[in-house]
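Readers should treat all values here as calculations from the given coordinates under stated rules, not as data from a laboratory. The shown structure was predicted, so the numbers you read here are calculated from the model rather than taken from an experiment. So basically every Cβ, Gly included, is an ideal-geometry build from the backbone, and we count neighbours across all protein chains shown.
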Amino acid sequence: MAQIRKKSRRVDPELLDLRQRIRHSASHLMADAVTRLFPEAKLGIGPPTDEGFYYDLDVSRPFTPEDLEKVTQIMRDTIAKDLPFVLKEHEREDIKQLCHDQPYKLELIDEIPEDEPLTTYTHDAFTDLCQGPHVASTGKIPAFKLLSVAGAYWRGSEDRPMLQRIYGTAFESQAALDEYLHQIEEAEKRDHRRLGRELGLFLFDPIAPASPFFLPKGAILYHLLMEYVRGLYRRYGYQEVITPQIFSTDLWKRSGHYDNYLESMFFIHADDREFGVKPMNCPAHALMYSSQLHSYRDLPLRIADFGRLHRYERSGVTHGLTRVRSFSQDDAHIFCTPDQISEEVQGFIAMLQESYSTFGFDEPLVMLSLRPDKRIGSDEIWDRAETALKDVLDRSGLDYEVKPGEGAFYGPKIDFFVPDAIGREWQLGTIQLDFSLPERFDLEYIAEDGSQQRPVVLHRAMLGTIERFIGVLIEHYGGAFPLWLAPVQAVVIPIADRHLGYAEEVKEKLVQQGFRVEVDARNERMNLKIREAQLQKVPYMLVVGDREAEGGTASVRSRDAGDMGALPVTEVIRVFGEESKVRGR
């Protein structure tokens, strides 16, 4: 299932807290069951998550499906006994003695500050280092299911031991669990990695790790998305630019990326100098801005860039199109005066909402992320930036949540999470307010009173990474793209070889009108061709035989509406034209 950020949309906070307690408790039951089956097991960590829980375990051999069945049964038996979870505080030496044969727990204990309490939770004979919270007793875990096993490096470091991670989930009722499992089943059907292969959209090869190759159909989809965004740019006053991909590290040191983003960058050496492959466009756009003098009359200046970016993502976190190392964004930077911040953020939100409606996404969930611990810029600058974004959101009427510590290293940001067709939420759009970049690049404009002033930079994207957005769209539509986005909009299917000529005529008439049409000229049965076109999720199949050739028609079969009967080719063109104009739901 695709890795996405799951957010509970307007769910009662008390229910969320209950789920966390249930899941945390279930992870303890799972670890207990594993130690009964594998007494030598070494325990890592077992936290609850937004979707369930997991536990990292070091055992002598890989877990099998049969092992998970046994673990599940032991957990059910423990739940049936309704045993209490007992909290106890310990002295440091006592708890070390308790965990003397658990090296991972001892490592965690050593990292806990001296002034923090050391606590355990016990149920039955199983005790685990834990701060909680938990439900009152094991019987308060109404419904759970173990889902999968995966490898996980201890503490997420490739230099540490590889443990086994058992994933599970738990809910407050069997009905809620069943609903979640149904969503997982739907997500597996829509998995963009499988559909991408089956529909001939893209491929991956170890020769370029985590960097997709877009096949002809995938390239069509890619460019259709970029053309759509370019149409918005024309209407909303953006100018598109092209910038280099490789810059001297002097630029990255000046921008702050060398100190704050080094581990995520690729570097090369040439001419006895170090160069960095760009992971983002903002420093290049700052150079462009500084190459000319600007007055307040020039602002806001909205610069857009589809330049290819490269970021080093660890192999353990890359995932299909949704986490790649090579990508493009619908990336833009707005250089404006402080007084223009509100209007520019509001304009971006309007453009973003229009684009999401086009793709059939519901109202986004909005997050305001504030200053992280690792950041550049003074507290005064951060105060101004955070207040500006909060004021815009307050005036916009949008509901939003505040996320302390999750801003970019150069400024606070607003992130937009959109729900797809089966309710999962994806972070797509973002706008980030930056007072630091103008300082670092000494950017100025001549104010109305003739003084030199600093502009403000807004980093923004609607779709985000084009690669990732394609992955989201594939799963949102289940691969069945609307007509305007479908790489192949229609397949003309001749009943027999003698109808090939007319099939090509029909195709040519449609192609001349700008539609993407193919002829299935294979020596196969018509029903097989129709079936395969359906599997390829082509919006329309146009079957032609003797009657159609004589009458200048085509028998039209719609992917969504079924058999539409024989239509004149001119009518087919009209139908396609009308449907192509209708975007969105």
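Tabulated data for the structure shown
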quantity: Highest to lowest packing among 408-418, 393-403, scored as the average C-beta count within 10 Å; calculated: 408-418, 393-403
quantity: Separation between Cα centres of region 478-505 and region 81-111, rounded to whole Å; calculated: 66
quantity: Under 5 Å, built H, 5+ apart or other chain: amide partners of M564; calculated: V556, R557, S558
quantity: Using alpha carbons only: equivalent-ellipsoid semi-axes of region 490-581, gyration tensor based, whole Å; calculated: 18, 15, 12
quantity: Dipole of the chain, positive end: most advanced residue of L118, L510, L215 [Cβ charges, Cα centre]; calculated: L510
quantity: The chain, dipole about Cα centre (Lys/Arg Cβ +1, Asp/Glu Cβ -1), debye to the nearest 20; calculated: 1620
quantity: Per-residue ³J(HN,Hα) for region 239-245, Karplus 6.51 cos²θ - 1.76 cosθ + 1.60, θ = phi - 60°, Hz, x for Gly and Pro; calculated: 10, 8, 10, 10, 10, x, 9
quantity: Sequence-separation-based contact order of region 211-346, relative, with Cα cut under 8 Å and 6+ spacing, percent; calculated: 27
quantity: Unsatisfied cross-links (Cα-Cα over 22 Å) in the set K70/K145; K189/K507; K88/K140; K529/K581; calculated: K189/K507; K529/K581
quantity: Cα gyration tensor, region 1-149 - rounded (a/c under 1.5), prolate or oblate; calculated: rounded
quantity: With eigenvalues of the C-alpha gyration tensor scaled by 5 and rooted, the chain, Å; calculated: 46, 38, 22
quantity: Share, in percent, of DSSP beta bridges within the chain that are antiparallel, nearest 5; calculated: 85
quantity: Label-point separation in nm, D250 to S264, each point 7 Å along Cα→Cβ; calculated: 2.6
quantity: Antiparallel DSSP beta bridges within region 439-585, percent to nearest 5; calculated: 60
quantity: Rg(Cα)/(2.2 N^0.38 Å) for region 119-192, N = residue count; calculated: 1.43
quantity: In sequence order, calculated HN-Hα J values of region 268-278 (Karplus, 6.51, -1.76, 1.60; Hz; x Gly/Pro); calculated: 9, 10, 8, 6, 6, 10, 9, 10, x, 6, 5
quantity: Length-normalised contact order for region 13-189 - Cα pairs under 8 Å, 6+ apart - percent; calculated: 27
quantity: Relative contact order (%) - the chain, alpha-carbon pairs under 8 angstrom, separation at least six; calculated: 11
quantity: D101-L500 FRET efficiency (beta carbon distance; Förster radius 60 Å; 0.05 resolution); calculated: 0.20
quantity: Cα-only Debye scattering, region 130-282: base-10 log of I(q)/I(0) at q = 0.11, 0.15, 0.17 Å⁻¹; calculated: -0.91, -1.18, -1.20
quantity: Length gained when the stretch Q513-E14 is fully extended (0.36 nm per residue, less Cα-Cα span); calculated: 174.0 nm
quantity: Structure-based [θ]222 nm, the chain - -39500 (n - 2.57) summed over DSSP H runs of at least 4, per residue, nearest 500; calculated: -11500 deg cm²/dmol
quantity: Axial C-alpha extent at least 24 Å, average Kyte-Doolittle at least -0.5 - helices from the chain (DSSP); calculated: 13-37, 216-236, 341-358
quantity: Global form of region 70-212, assessed from the alpha-carbon gyration tensor, a/c cut-off 1.5; calculated: oblate
quantity: Residue (of M226, T570, T387) at the positive-pole extreme of the chain, dipole from beta-carbon charges; calculated: T570
